[in-house]
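Right, one structure below, let's go through it.
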Amino acid sequence: MEVELVEIRDFVSRHHPFDLLSIELLNELTEMLEARYLRRGEKFPPRDNRRSHLYMVRSGAIELHDVDDQFLGRLGEGDLYTAQCRLTGSDYRSNHRTLEDSLIYQVSCDNLKSLCARDQEFCQYFEAGTDERMRLAASYSPAQTDADLSGMTVEIGKLIRRAPITLDIDSSIRQAAEVMTEHNVSSMMLTREGKLAGILTDRDLRRRCVAAGIDLSLPVSEVMSADPMTMRSDDLVLNALMTMTRSHINHIPVVDDDDIVGMLSASDLSRSSSANPAYLNTKIRRAASLEELRMILRRLPELQLLLANTGISARHIGETISTMTDMLTTRLIELAQAEIGPEPVPFVWVCGGSQARHEQSSHSDQDNAMILSDDVRDEHLPYFTELAKRVCDGLDECGFIHCPGDAMAMNDQWRQPQAVWHGYFREWIETPEPMALMLACIFFDLRPVHGDFQLHRELQNRMLEMSRNNTVFTAHMVGNALKHRPPIGFFRTFVLIRDGENDNTFDIKHRGIVPIIDIARVLALAEGIPRVNTWERLQALAGTPSMSSELSSNLLDAFEFISNLRIRHQAAQIGSGVAADNFLPPDRLSSLERKHLKDAFDVIKDAQDALGNRYKLS
């Protein structure tokens, strides 16, 4: 092949979807390409072409307009114009024109179709619209290279080493204890007519039998845990870890339909690795000091790296780390209360921000607060001041640094009776003020962690009653949400930071993830939806007056894809011994990832524009 053609082939191969083609097909494509030079202001596509073509911009810029001359967008270097090939069934009538002198490559649609016939993955790009490309992007993950990290995707049935130990629920408590002793197990499954009805653990025997002085001749059904959570043998180890972590349990019966397979314990899961949620959560629950907790939580970045390298989704990683932070918080409260005594009146410790949404990473700061019972008196306040300081300082010691905005329970403003919190939300909603709303966004995502959950439930119900269908409040929240825009310029190029240590990067959290979080939050509040997790909010919004099912699906896919990019970026930093951050250099992404990322940013931009238009905001 001539040198000039090799250079053209190399240029084309750097851009998706041509990076999917084999070298043989790339060579064929290069031979088919024709170069065209268009002067500034010329019509596009070229009017003298008698056949339909696909076009690629080599240099210059093309401005796209519809038949009514409404501006649609611009094409820059490497961008494609595919409408004429009709692979998507699009109407390609247009009024496009070159914005500046441009060099383009063109290939006839007939030749393109012949390539598509020989490469299905390549063809899929042209058959899919933006919606479909985002669905493909959400599930995209680079090939894994570390076989030793595959344990998270093993089916849990493969971990069960012994036949199920069962007993009829009409048996006595003494008989159950004897069977557990005989088989040297810490738990057993109880059945009714051969089907699972409950489980009994050593903890049940201690708390419900020995400590309570109960008659051991009573039926074991009196002290068992009825209707336990179960899993199937083909569920993954990851799912079992997540279930145990979220539910604070150590045993899960494995049942396929009505067939009892066996009992899975936290120790079964922790044997495979000391850097997994089951192992670390057990260590957290048993920690006797802050120093011990600090040493345990040093493993958290290692856990994030393990999960990311195993291909676990950003959603599940966020759930895992957030649940571990919940457990850490609870243990810090318990250790503090062991020294300063029990609370004088009921309270609930609540978390905000990414922890509340179950979207936390290992290097997050902390956002939290305390809701106190309205029965609290002045003499009780020093107790809660001391408790909050111990817990917040403990979180900081364990790697969840103090909130730069001071949104923490150790700040007197965020450690108040329920009535005061009600006043906060009423003021934010009825007389919204932009600066206050920036901080208040943290508290519209509150989730209870420890204490009297009813205090939070009542406050949340009141808050949602005030925010639902409140158009003035929603408009202010929308205005706040539109401050974070995707980093895409007119030519669909990335707008990058151009100075300092983060040169040639963009902030993937604040320019990609936060905009979707903000959209989901404001519309969930407008609809009175109580969920705080972004995925759950978007799913609940689908088909409501605030969001179509199509937009919900697109935002979910965009959120998943961008979040996965962020997790992999941080994993690479952790693996290299570098502190994790959110500053992503786009030149480290593959051509496919850059294309998907631009599609994701387009989805966000369209959603933001729709919100702004709906509430008459610029």
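The values are calculated or read from the model by the stated rules, or taken from the named source; none is laboratory data. Small disclaimer: the values here were computed from a predicted structure and weren't measured. Cβ atoms come from the backbone with ideal geometry, glycine included; neighbour counts cover every protein chain shown.
Only one of the numbered conditions (1) of a type in the set (Val, Ile, Thr); (2) modelled with pLDDT under 95; (3) in contact with a Ser or Thr (Cβ under 8 Å, 6 or more places away or on another chain) is violated by Val391, and that is (2).
Listed here are the residues, each with its yes/no results for (1) assigned to a helix (DSSP H, G or I); (2) buried (at least 17 other Cβ atoms within 10 Å of the Cβ); (3) in contact with a helix residue (DSSP H, G or I) (Cβ under 7 Å, 6 or more places away or on another chain).
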| residue | (1), (2), (3) |
| --- | --- |
| Glu7 | yes, no, no |
| Val12 | yes, yes, yes |
| His16 | no, yes, yes |
| Ala35 | no, no, no |
| Arg40 | no, no, no |
| Ile62 | no, yes, no |
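Condition first: small (Gly, Ala, Ser), assigned by TED's automatic domain parsing to the domain that holds Ile401, modelled with pLDDT of 90 or more and outside any helix (DSSP H, G or I). Can you find one or more residues in the range 336-354 that meet it? Yes.
Met438 meets the conditions (1) closer than 30 Å to Phe384 by Cα; (2) not assigned by TED's automatic domain parsing to the domain that holds Cys392 in every case but one. The failed one is (2).
Taken over the range 198-225, the criterion of being under 18 Å from Pro164 (Cα atoms) and crowded, with 17+ Cβ neighbours inside 10 Å is satisfied by Gly198, Ile199, Leu200, Thr201, Val220, Met224, Ser225. When the range 491-516 is filtered for residues that are crowded, with 22+ Cβ neighbours inside 10 Å, part of a helix (DSSP H, G or I) and of a type in the set (Val, Ile, Thr), the ones remaining, listed by number, are Ile508, Ile513, Ile516. Among the candidates Phe18, Phe71, the residue that is hydrophobic (A, V, I, L, M, F, W, C) and at pLDDT below 85 is uniquely Phe71. For first residues located in the range 322-340 and in contact (Cβ under 8 Å) with a residue 60 or more places away in the chain, partners that are surrounded by fewer than 18 Cβ atoms within 10 Å (Cβ to Cβ) and not in a helix (DSSP H, G or I) and lie 6+ apart or on another chain with Cβ distances below 8 Å form the pairs Met327/His248. The condition of being of a type in the set (D, E, K, R), modelled with pLDDT under 85 and over 30 Å from Asn470 (Cβ atoms) holds for Asp587. Looking only at the range 479-495, decide whether some residue is under 30 Å from Arg614 (Cα atoms) and among the polar types (S, T, N, Q). Yes; the residues of the range 479-495 include at least one that is under 30 Å from Arg614 (Cα atoms) and among the polar types (S, T, N, Q).
Considering the conditions (1) of a type in the set (D, E, K, R); (2) at pLDDT below 90; (3) surrounded by 13 or more Cβ atoms within 10 Å (Cβ to Cβ); (4) out of contact with any helix residue (DSSP H, G or I) (no Cβ under 6 Å at 6 or more places or on another chain), Arg174 is excluded by exactly one of them, (2). For the range 181-231, residues that are of a type in the set (Gly, Ala, Ser), under 24 Å from Ser267 (Cα atoms) and not in a strand (DSSP E or B) total 1. The criterion of at least 1 residues that are touching a residue at least 60 places away in the same chain (Cβ under 8 Å) is met by the following helices (runs of 4 or more DSSP H) wholly inside the range 380-490: 381-397, 434-443, 453-467, 471-481.
Number of residues in the range 445-456 that are over 17 Å from Gln360 (Cβ atoms), crowded, with 20+ Cβ neighbours inside 10 Å and of a type outside the set (Gly, Ala, Ser) equals 2.
A search for C-beta distances below 8 Å between a residue of the range 280-291 that is not assigned by TED's automatic domain parsing to the domain that holds Thr329 and surrounded by 14 or more Cβ atoms within 10 Å (Cβ to Cβ) and any residue that is of a type in the set (S, T, N, Q) and at pLDDT below 85, counting only pairs 6+ apart in sequence or on different chains, returns Asn281/Thr245; Thr282/Asn250; Thr282/Ser270.
Between Arg298, Arg331, Arg315, which is in the same structural domain as Cys398 (by TED's automatic domain parsing), buried (at least 18 other Cβ atoms within 10 Å of the Cβ) and modelled with pLDDT under 90?
That would be Arg315, the only listed residue that is in the same structural domain as Cys398 (by TED's automatic domain parsing), buried (at least 18 other Cβ atoms within 10 Å of the Cβ) and modelled with pLDDT under 90.
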